[in-house]
Amino acid sequence: MKRIHQLTLVDDDEVFVFLAKKAIKQTNLVELVKVFDNGQEILDYLLENQENPEKLPEVMLLDLSMPVMDGWQFLNEFHKLSPKLPKKINIFICSSSISPEEIEMANKMNEVSDFIIKPINKDKMIEVIQKV
Amino acid sequence: MEKIEDFQYILDVSAIVAITDHKGEIKHVNENFCKISKFSAEELIGKDHRVINSGFHEKGFFKNLWSTITKGKVWKGEIKNRAKDGTYYWVDTTIVPFLNEEGIPYKYVAIRYDITERKLGEERLKESLKELSDYKYALDESAIVAITDQKGQITHVNENFCRISKYSKTELIGQDHRLINSGYHPKQFIKDIWGTIATGNVWKGELRNKAKDGTIYWVDTTIVPFLNENRKPYQYLAIRSDITERKRAEEALRISKNKAEENANALEKKNKQLVDFCNIVSHNLRGPLVNISMLVDYLECEDDKDERQEIQDKLKPVINHLMEVFNELVESIQIQQDKDVKIDEIDLGQTVRKVLVGFSIQLTASNADIQIDVKESPHIKFPQRYMESILTNLIGNSLKYRSPKRDPKILVKTSKKGNKTILSVKDNGLGINLDLHKKNMFKIRKTFHKHKDAKGFGLFMTKTQVEAMGGRIWVESQPDVGSTFFVEIKDNAK
């Protein structure tokens with residue numbers, strides 16, 4: 001099984017973060033899970049560490065509905081930033097949304113690897129990590 | 001004797017002269033006769049006048065001529081003749097019979113004058129008179145015609161005018177057009193018509209008139225001024241055609257178009273609400289439900305007692321949160337549906353002060369400076385409950401998102417714009433980055449600052465209340481300078 005070093009959760013929902021961390025832990029495939037509350041916080045972190053590939057995650061689970069900077073706004077900023085990054089970050093949108101428009105919009109974006117509809121569990125997480 | 005020859009000479013020079021015998025055989029013609037008839041004297045002598053008969057006159061005409069002169073009487077008349085080359089000429093003719101001792105004519109002297117020019121002129125005049133009366137007939141048949149003098153008094157109307165206005169000729173003659181004025185056109189419009197025609201120009205336009213029985217009719221109108229030799233109008237001819245049907249159709253079309261537009265707008269609004277609602281369901285209801293289902297899943301397969309307790313502890317707040325969002329949604333839908341909400345006469349100054357009482361602790365603690373300026377629109381008609389809620393949300397936000405760098409300054413102001421009132425709440429707080437948040441500004445569960453009390457419900461509710469009353473809400477803001485929220489309120493007076 002493929003293992004990854006770092007996975008980043010970007011979600012303001014504490015309960016979901018708690019449960020997602022549990023599911024990720026159960027896979028035993030991730031060394032480190034980092035959590036950010038909203039788009040602005042992860043963006044600040046990426047900007048700060050754009051010279052340090054080892055500090056950047058291989059996988060990001062990105063919620064859409066968040067305060068301050070939502071998932072879409074973050075993706076816009078990330079689009080400008082990603083060519084400068086020393087490492088590929090695989091972004092998976094992870095949302096409770098079942099809106100076909102949002103799913104289609106996500107599929108059109110090169111930065112987005114896939115759209116995961118909540119809920120998630122251990123098996124879904126293994127699947128995600130194996131795609132990377 | 002000399003005298004008679006002189007007369008003969010004068011006659012020959014000035015007139016067309018022919019002499020026939022008692023049977024009508026030509027015995028003598030003068031030069032003028034030959035010139036006009038284009039026959040030579042030789043060709044004429046011995047013939048009778050039939051050579052130059054044009055065939056224009058009826059048989060009775062010559063019969064009458066002969067019966068007059070054979071009785072020895074002078075005949076006078078106008079004759080159309082034909083020259084040798086086939087052209088026609090008119091002559092004013094006097095035939096004098098010369099009588100013998102028994103009183104019987106033995107010869108006739110015909111003295112003629114060329115009146116071709118005059119006759120042609122008369123004919124042309126007759127033709128154009130005929131044409132003119134044909135035109136008049138055509139006009140009277142097809143159009144609604146009226147003639148007024150230079151003061152606007154009606155001097156002539158045709159049948160069609162009477163038919164459409166339902167007035168009789170005698171009721172109309174002597175009146176002016178105010179009799180059929182429907183009062184629809186503004187004074188300036190009527191003034192402009194007079195300005196045009198009184199200066200000798202043609203006016204064209206559509207007029208709405210009122211018939212005797214009060215019914216309304218529309219006429220497409222052309223008014224032509226008739227000018228005297230000084231180029232001043234001495235009368236006006238108004239030619240109208242009935243366009244009532246067309247106007248009616250246009251009006252009906254306009255109404256149905258407006259209605260269709262209204263319906264389309266209402267539909268679009270509903271559609272947008274539906275999309276918003278879909279998003280709310282997707283993110284705000286499905287989110288907590290997902291959490292509950294995941295928590296329950298873990299609970300089912302977790303054996304450790306402490307772990308189970310931790311999961312159970314998390315369930316309650318999620319359910320509470322779901323309930324809260326659900327109630328908020330129900331509340332907003334109730335506002336949208338509440339068409340019969342009570343509209344109050346609101347004293348805005350009083351209402352603002354009442355709302356401020358609820359914030360008195362925060363106001364003192366934050367050393368806030370509040371100004372109220374509602375003199376431009378002190379009273380509005382709006383549901384009191386909604387207004388208090390709107391002011392509470394907006395003033396509350398100004399205090400909640402105040403800048404840590406300065407004491408809060410809030411200005412509550414009203415201004416009048418037509419029959420609308422614009423209420424604004426301006427602060428010097430944190431401000432909002434509208435480049436990022438403009439589209440989410442008034443959505444449910446959207447927050448723009450990290451704050452323990454930020455729920456993302458206040459502005460959503462405020463917008464719902466404002467829009468339910470037909471108003472608008474928008475914001476101007478600059479990060480770290482402040483925000484101003486504007487609420488446009490329709491005059492809801494019924």
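Bear in mind that the values in this text are calculations on the coordinates, not laboratory data. Here the structure is a predicted model, which means the values were calculated and not measured. As a convention, Cβ positions derive from the backbone with ideal geometry for all residues, glycine included, and neighbour counts pool all protein chains shown.
Values computed for the structure shown
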item: Under-5 Å amide H pairs with A:Asn90, H placed in peptide plane, nonlocal only; result: A:Val59, A:Met60
item: Phi to ³J(HN,Hα) by Karplus 6.51 cos²θ - 1.76 cosθ + 1.60 over segment A:63-77, Hz, x for Gly, Pro; result: 6, 9, 8, 9, x, 6, 9, 7, x, 5, 4, 4, 4, 4, 5
item: Whichever lysines have a C-alpha closer than 18 Å to that of B:Lys35, once near sequence neighbours (fewer than 8 apart) are set aside; result: B:Lys27, B:Lys47, B:Lys80, B:Lys84
item: Rounded, prolate or oblate (a/c below 1.5 giving rounded, otherwise prolate when a/b exceeds b/c) for the protein assembly as shown by Cα gyration tensor; result: prolate
item: Overall form of chain A per C-alpha gyration tensor (a/c, 1.5; a/b vs b/c); result: rounded
item: Contact order normalised by residue count of chain B, Cα under 8 Å, 6+ apart, percent; result: 7
item: For segment A:60-118: lysine pairs under 21 Å (alpha-carbon distance), excluding those fewer than 8 apart on one chain; result: 4
item: Degrees between helix B:244-280 axis and first principal axis of chain B (Cα, 0 to 90, nearest 10); result: 20
item: Segment B:300-394: C-alpha gyration tensor shape, a/c 1.5 cut-off, then a/b vs b/c; result: oblate
item: Pairs of lysine residues in segment B:192-331 - Cα separation under 23 Å, sequence separation of 8 or more or cross-chain; result: 14
item: Inter-label distance for B:Asp491 and B:Glu131, nm, one decimal - labels placed 7 Å from Cα along Cα-to-Cβ; result: 6.2
item: Under 5 Å, built H, 5+ apart or other chain: amide partners of B:Ile410; result: B:Asp369, B:Ile370, B:Gln371
item: Nearest 10 degrees, 0 to 90: helix B:187-198 Cα axis against chain B principal axis; result: 30
item: Length-normalised contact order of segment B:1-99 in % [C-alpha pairs under 8 Å, at least 6 apart]; result: 19
item: Virtual spin-label span in nm between B:Val13 and B:His57, 7 Å along Cα→Cβ; result: 2.9
item: Per-residue ³J(HN,Hα) for segment B:92-101, Karplus 6.51 cos²θ - 1.76 cosθ + 1.60, θ = phi - 60°, Hz, x for Gly and Pro; result: 7, 10, 10, 10, 10, x, 9, 9, 7, 4
item: Under 5 Å, built H, 5+ apart or other chain: amide partners of B:Ile380; result: B:Ile346, B:Leu348
item: Sequence-distant aspartates and glutamates (8 or more away, or on other chains) whose Cα lies within less than 16 Å of B:Lys450; result: A:Asp11, A:Asp12, A:Asp13, A:Glu14, A:Asp37, A:Glu41, A:Asp44, A:Asp70, B:Asp480
item: Sum of -39500 (n - 2.57) over DSSP H runs of 4+, divided by residues of chain A (222 nm, nearest 500); result: -12000 deg cm²/dmol
item: In sequence order, calculated HN-Hα J values of segment B:199-213 (Karplus, 6.51, -1.76, 1.60; Hz; x Gly/Pro); result: 8, x, 9, 6, 10, 10, x, 10, 10, 9, 10, 10, 7, 4, 7
item: 0 to 90° range, to nearest 10: angle between helix B:116-142 axis and chain B longest Cα axis; result: 30
item: Residue-averaged [θ]222 nm for chain B, counting only DSSP H segments that reach four residues, each worth -39500 (n - 2.57); result: -14500 deg cm²/dmol
item: Estimated FRET transfer efficiency when R0 is 51 angstrom, pair B:Glu250-B:Lys270 (beta carbons, to 0.05); result: 0.95
item: Cβ-Cβ FRET estimate between A:Glu48 and B:Leu289, R0 fixed at 30 Å, reported to 0.05; result: 0.25
item: Centre separation in Å (Cα based) which lies between segment B:126-192 and segment B:225-299; result: 41
item: Sequence-distant lysines (8 or more away, or on other chains) whose Cα lies within less than 18 Å of B:Lys76; result: B:Lys59, B:Lys63, B:Lys107, B:Lys119
item: Length-normalised contact order for chain A - Cα pairs under 8 Å, 6+ apart - percent; result: 28
